[in-house]
Amino acid sequence: MTHRFKTRLLVLATALSCAVAGVAAAADVKPRLIRFGYGLNEESVQGRAARFLAQELEKVSGGKLKMKTFGSANLGSDEQMQGALAGGAQEMMVGSTAPLAGMVKEFGVFDLPFLFNSEKEADAVLDGQLGQDLLKKLEAKGLVGLVYWENGFRNMTNSKRPIARAEDLQGIKLRVMQNQIALGVFNTLGANAVPMPFSELFTALETRTVDGQENPITTIQSSKFYEVQPFLTITRHVYTPWVVLASKKWWDTLSPDEQKLVRQAAEASRDFERKDSRADSTKAMTTLEKAGMKINTVSPEEVARMRQKVQPVVDKYTQELGPDLVKQLNDEIQKARN
Ligand code: TF8
């Protein structure tokens, strides 16, 4: 090899390795450790996406931004973690939007029942104007909202009976998320709604402190609710998003380059998670059938009746959340539907 050729090779190799390390090499990125908490177990959709996010972040930052993930509510329930982020005691988390409505009431729009017909509609609203405007409102509360992951359409399980009609919910103690709208909806449908953090739910079902709960199929499977809940009723009564959050106190200590990398990794995790959630939902359903759950689907006529029954709750909260916001939501759904 001539000397000139060697030099050229070296220049080329250097250029290549810089490109591989991405912005990280040239940019202002310091070694950091990020604690990321979530509520479901490691085998859940949430667990897989958390690991993906950690790997992605490590990759795009050339190994500088290290994320340690804590599942099974080991850093606390969704609500507790929200508080820890706001106070700067924890860097990041993922959780449902429902308990966030306690901080930014407008997140309650996603607790209005029977809104979305498909995941596609949900994606359009969440990644569109309304979803992004809501994320911005979090900053005043000490949180930075990065991306939405899919939790999914919720269905009911219980230990008493199949739910074919709203009347079948009479006397069923049903755990709901810590959210006023969820409480109002299920009490109006006839259940005895009990708000409780997810971290206490399995034990509450096992000891019959509550008779039932509602969550997406993926969670009913990964949290093994089928072991203590013989009945599954497909209702798809509401679509809950998860939202990936960062502590604003911590976020403000990051350089713009670091913020960009975290955002980039979060966006990649969103795409991964939604795909995974949708594939897992089908697989989980088979697992639940095999596990011997008695599964029924509420008829479209009964869904229409349930909708009618909860209309006063929807009206009440439309006033509280802001009629303009709810109109914007419905308009954006219509646009995605057509
Ligand atoms: C619930 C939610 C949970 C999540 C999770 C613990 O029922 O659906 O999936 O909030 O982060 O609480």
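Numbers at a glance
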read-out	value
Gyration tensor (alpha-carbon) shape descriptor, the stretch 256-316, a/c threshold 1.5	oblate
Amide H within-cut-off set for Val147, under 5 Å, with H built and near neighbours excluded	Val244
Estimated 222 nm signal from helices in the chain, with DSSP H stretches of n ≥ 4 weighted -39500 (n - 2.57), rounded to 500	-15500 deg cm²/dmol
Pairwise label distance in nanometres, Thr286 with Lys30, each label 7 Å out on the Cα-Cβ vector	4.9
³J(HN,Hα), Karplus 6.51/-1.76/1.60, whole Hz, each residue of the stretch 92-98, x for Gly, Pro	9, 7, 10, x, 5, 6, 4
Relative contact order of the stretch 46-157, defined on C-alpha pairs under 8 angstrom at six or more residues apart (%)	17
Rounded, prolate or oblate (a/c below 1.5 giving rounded, otherwise prolate when a/b exceeds b/c) for the stretch 75-167 by Cα gyration tensor	oblate
Restraint check, Lys224/Lys248; Lys120/Lys160; Lys30/Lys141, Cα-Cα greater than 31 Å	Lys224/Lys248; Lys120/Lys160
Within the chain: Cβ-based charge dipole about Cα centre, in debye rounded to nearest 20 (Lys, Arg +1; Asp, Glu -1)	820
Antiparallel %, DSSP beta bridges [both residues in the chain], to 5	55
The stretch 63-128, relative contact order in percent, only Cα pairs under 8 angstrom and at least six apart counted	18
Candidates Glu139, Glu91, Glu273, ranked by Gaussian network fluctuation over the chain, Cα under 10 Å, top entry	Glu139
Percent RCO, i.e. relative contact order, over the chain, from Cα pairs under 8 Å lying at least 6 residues apart	24
Rounded, prolate or oblate (a/c below 1.5 giving rounded, otherwise prolate when a/b exceeds b/c) for the chain by Cα gyration tensor	prolate
Residue-span extension gain [Asn296 to Arg278] - 0.36 nm each, minus C-alpha spacing	4.4 nm
Cross-link reach list, aspartates and glutamates versus Lys136, counting only Cα pairs under 13 Å and skipping chain neighbours closer than eight places	Glu106, Asp127
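Bear in mind that the values in this text are calculations on the coordinates, not laboratory data. For clarity, every value in this text was computed on a predicted model and none was experimentally measured. Glycine gets a Cβ as well: all are built from the backbone with ideal geometry, and neighbour counts include every protein chain shown.
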